[in-house]
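Engineer: The structure is given below, and queries will be raised subsequently.
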Amino acid sequence: MLVQKKSSEIIKTVCLLLLGVIIIIPIYLLFVASLKDDMYEIMKDMGSPKALFVLHPTLHNFYEILFESVQNFGRAFINSVIVLIVTVILTFIIASMAGYAIQRGRLRFRKILLVVIISLYIIPMESIMLPLMYQVTTWHITDTYLVQILPFVASPIYIFLFYQFFKQVPVSLSEAAGLEGASFWQIYKEVYIPMNTAPVVTVCILQGMDMWNQYLWPLLVTTDQKVRPISVSIASFTGTGGIIYWDKLMAASVVMLLPVLILFMFFQQYFIESVASSAVKE
């Protein structure tokens with residue numbers, strides 16, 4: 001029995017290692033290629049063991065795309081950061097307040113409201129993009145940060161997530177706070193939010209990653225490079241006539257990848273805690 005258990009653990013470990021290698025190798029190849037200054041060298045090394053190494057690493061590609069490129073990639077990076085930060089803050093405020101109001105408020109049709117919220121999440125964004133684009137055009141807010149932020153600050157899935165997590169807060173705590181004289185929104189601020197730090201961080205991470213990777217909507221509603229995000233700007237490194245500037249494209253891909261990777265590495269503990277706590281029933 002003990003031998004079988006050890007064999008099972010070994011097989012699981014080997015499978016996880018193989019899965020980790022499969023996930024890491026493309027990222028490693030991306031970093032290696034970004035340190036090569038010659039796009040023809042990158043093309044020549046593709047599909048050979050030389051793709052795994054770089055003999056003369058250089059950061060020139062990063063300097064060029066951020067400070068010297070005609071695509072104004074550095075500006076696009078700043079645009080994405082601005083859109084991400086504002087959207088995440090507004091999403092946290094709106095979704096958490098809505099989830100709290102649904103869970104704690106005296107609503108006669110709570111179940112119907114929850115069904116509507118879930119139904120809104122099921123509707124794909126792509127199916128409403130054209131009427132939404134027509135609406136923002138009539139408001140004359142295209143080519144702005146606002147048009148990239150507004151459609152995403154009240155996401156139904158995050159309202160529902162906050163509602164689910166707030167349900168796990170013992171009613172006795174909020175009742176005790178109410179007896180102490182705390183108002184409806186003071187209980188939200190001083191009881192519910194501090195007790196749900198992990199879910200708050202998780203929602204911020206998920207929304208941040210979603211906004212960082214947004215491509216189709218910014219492509220439709222922005223034409224000015226001064227407000228376009230990094231996800232749209234990165235496509236400009238595929239030149240006319242089918243020419244792909246692999247050296248610049250790889251460096252730009254690394255710049256786009258790093259913030260999300262670093263963000264997740266720093267806050268993965270909260271992410272795991274929130275996933276684990278969502279399975280716990282009081």
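The values are calculated or read from the model by the stated rules, or taken from the named source; none is laboratory data. For clarity, every value in this text was computed on a predicted model and none was experimentally measured. Here Cβ is always computed from backbone atoms with ideal geometry, including for glycine, and neighbour counts include all displayed protein chains. Please note that ligands, DNA and RNA were not included when accessible areas were found on the heavy atoms of the full protein model with its side chains. Shrake-Rupley method; radii C 1.70, N 1.55, O 1.52, S 1.80 Å.
Engineer: Do we have any residue at all in the range 17-27 that's part of a helix (DSSP H, G or I) and surrounded by 11 or more Cβ atoms within 10 Å (Cβ to Cβ)?
Structural biologist: So far as the range 17-27 goes, yes, one or more of its residues are part of a helix (DSSP H, G or I) and surrounded by 11 or more Cβ atoms within 10 Å (Cβ to Cβ).
Engineer: Moving on to the next point. Here is a list: 110, 106. Which entry is under 30 Å from residue 166 (Cβ atoms) and at pLDDT below 80?
Structural biologist: Step by step, each of 110, 106 is checked, and only 106 is under 30 Å from residue 166 (Cβ atoms) and at pLDDT below 80.
Engineer: Which numbered condition in (1) open to solvent by 20 Å² or more (accessible area, probe 1.4 Å); (2) modelled with pLDDT under 90 is the only one that residue 202 fails?
Structural biologist: The number of the failed condition is (1).
Engineer: Only one residue in 107, 113, 66, 84 is under 30 Å from residue 194 (Cβ atoms) and either of a type outside the set (A, V, I, L, M) or in contact (Cβ under 8 Å) with a residue 60 or more places away in the chain (or both), so which one is that?
Structural biologist: 84
Engineer: Further question on the same structure: Can you tell me which residue within the range 159-218, out of those that are among the small types (Gly, Ala, Ser) and not in a helix (DSSP H, G or I), is farthest from residue 261 (Cα to Cα)?
Structural biologist: 181
Engineer: Those residues that are crowded, with 16+ Cβ neighbours inside 10 Å and not in a helix (DSSP H, G or I), I need them from the range 53-90; list them, please.
Structural biologist: Answer for the range 53-90, where residues must be crowded, with 16+ Cβ neighbours inside 10 Å and not in a helix (DSSP H, G or I): 54, 69, 71, 72.
Engineer: Report, by residue number, each residue of the range 219-233 that is open to solvent by 60 Å² or more (accessible area, probe 1.4 Å) and part of a helix (DSSP H, G or I).
Structural biologist: Within the range 219-233, 219, 220 qualify.
Engineer: Can you pull out the residues in the range 205-218 that are of a type in the set (Phe, Trp, Tyr) and either at positive phi or open to solvent by less than 30 Å² (accessible area, probe 1.4 Å) (or both)?
Structural biologist: 212, 217
Engineer: Would you call residue 99 part of a helix (DSSP H, G or I) and among the small types (Gly, Ala, Ser)?
Structural biologist: Here the answer is yes, as residue 99 does meet what is asked.
Engineer: Then there's this: Has the range 116-127 got any residue that is touching a Lys or Arg at 6+ places or on another chain (Cβ under 8 Å) and open to solvent by 60 Å² or more (accessible area, probe 1.4 Å)?
Structural biologist: Looking through the range 116-127, none of the residues is touching a Lys or Arg at 6+ places or on another chain (Cβ under 8 Å) and open to solvent by 60 Å² or more (accessible area, probe 1.4 Å).
Engineer: Something else: I'd like the full set of residues that are over 24 Å from residue 143 (Cβ atoms) and crowded, with 21+ Cβ neighbours inside 10 Å, limited to the range 250-268.
Structural biologist: If the condition is that a residue be over 24 Å from residue 143 (Cβ atoms) and crowded, with 21+ Cβ neighbours inside 10 Å, then 250, 251 are the ones that fit.
Engineer: Condition first: closer than 20 Å to residue 188 by Cα, surrounded by 17 or more Cβ atoms within 10 Å (Cβ to Cβ), under 16 Å from the mean Cα position of the chain (by Cα) and not aromatic (Phe, Trp, Tyr). Can you find one or more residues in the range 140-153 that meet it?
Structural biologist: Scanning the range 140-153 turns up at least one residue that is closer than 20 Å to residue 188 by Cα, surrounded by 17 or more Cβ atoms within 10 Å (Cβ to Cβ), under 16 Å from the mean Cα position of the chain (by Cα) and not aromatic (Phe, Trp, Tyr).
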